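**Q** For reference, the structure I am asking about is given below.
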Amino acid sequence: MTDTRYLAPQTLDEAVSAFAAAQGAARILAGGTDLLVQMRAGVATPGLIVDIKKIGEMNRITENADGSFTIGAAVSAASLSDHPRFGKVWPGVLEAVNLIGSKQVQGRASPGGNLCNGSPAGDSVPAMVAAGAVVTIQGPNGRRQMPVEAFPAGPGKTNLAPGEILVSFTLPARPAGSGDAYLRMIPRTEMDIAVVGCGVSLTMKDGVCTAARVGLGAVAPTVMLVEAAGKALVGTRLEPAAVAAAAAACSAACRPINDKRGTIAYRTKVAGVLLKRAVAIAAERASRS
């Protein structure tokens, strides 16, 4: 760690230039709640740390004119919780973000870091997937965007190209009658890693589901968008048969592993159970929006 250089650029262009010039030897520092732990454990030994917290764009929460939200990659979970509007529009996403570590950790930890860490069990990611969030990325070749579900490439891996940095998330405007929810199963009551995580976002009109997205975490090498589950809900009044079909689609999409937190069979079963519960919560919220 004594050989690691530290840089705190004021602009995104400066950050990208330094990060790209390091040719893979640099790491981005936002909250540091993953990076510093990895460095202390010897898992990460970067030659350069690029601290992005002084870059304005990456620390802002913006409610855009069209009703969408843009969240900088360095925005902390606590800052998102304190925003006067975000939690009212996207309560499920905020629920997921609020599960990243303890209250103390949330003062530093960011949804951006949660995504870039590449964990299949990252709590904020399934909720972002369900929300239809799109990420903005900047690198040596300019800016590009991709849906959140396309960002993870495997455990600890992302689809960022060399020299690219995550800049922000954009969550779309919400039609009237929309609601979302996030639930996870953990062995303990709090501060544990998800055995299964499920995010649901849906829109209801005249009692009929007109749009639905489902994100699943901790049941495959990456967080997934389960398109079949969303399709099973659309066009229905969320009758038990429709919700059961969506739950079955979630279970069918699972490709989990056996580990000390849960077996393949258990995770597969729980995925369907959480889907049913999250749909009920999202639908109730939709009825009040």
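The values are calculated or read from the model by the stated rules, or taken from the named source; none is laboratory data. Everything numeric here is computed off the predicted structure, so don't read it as measured data. Quick note on the areas: whole protein, heavy atoms, side chains included, nothing else; ligands and nucleic acids left out. Shrake-Rupley method; radii C 1.70, N 1.55, O 1.52, S 1.80 Å.
**Q** Taking a probe of 1.4 Å, how large is the accessible area per residue of the chain, in Å²?
**A** In whole numbers, the chain has 45 Å² accessible per residue.
**Q** A follow-up question, please. From the gyration tensor of the Cα coordinates in the chain, what semi-axes in whole Å does the equivalent ellipsoid have, largest first, with each one equal to sqrt(5λ)?
**A** For the chain, the ellipsoid semi-axes come out as 33, 21, 16 Å.
**Q** Something else: Would you mind checking Lys205/Lys276; Lys54/Lys103; Lys53/Lys157; Lys231/Lys269; Lys103/Lys269; Lys103/Lys157 for any pair whose Cα atoms are more than 25 angstrom apart?
**A** Lys103/Lys269; Lys103/Lys157
**Q** Between Ala244 and Ala65, what length in nm is gained on full extension when 0.36 nm per residue of separation is reduced by their alpha carbon distance?
**A** Contour length minus the Cα-Cα distance gives 60.7 nm.
**Q** Next question. If you rank Tyr266, Tyr6, Tyr182 by how much accessible surface each has, with a 1.4 Å probe, what is the order from largest down?
**A** Correct descending sequence by accessible area is Tyr6, Tyr266, Tyr182.
**Q** How much of the accessible area of the chain, in percent, comes from carbon and sulfur atoms when a 1.4 Å probe is used?
**A** Using a 1.4 Å probe with all protein chains present, the chain comes out at 55 percent carbon and sulfur.
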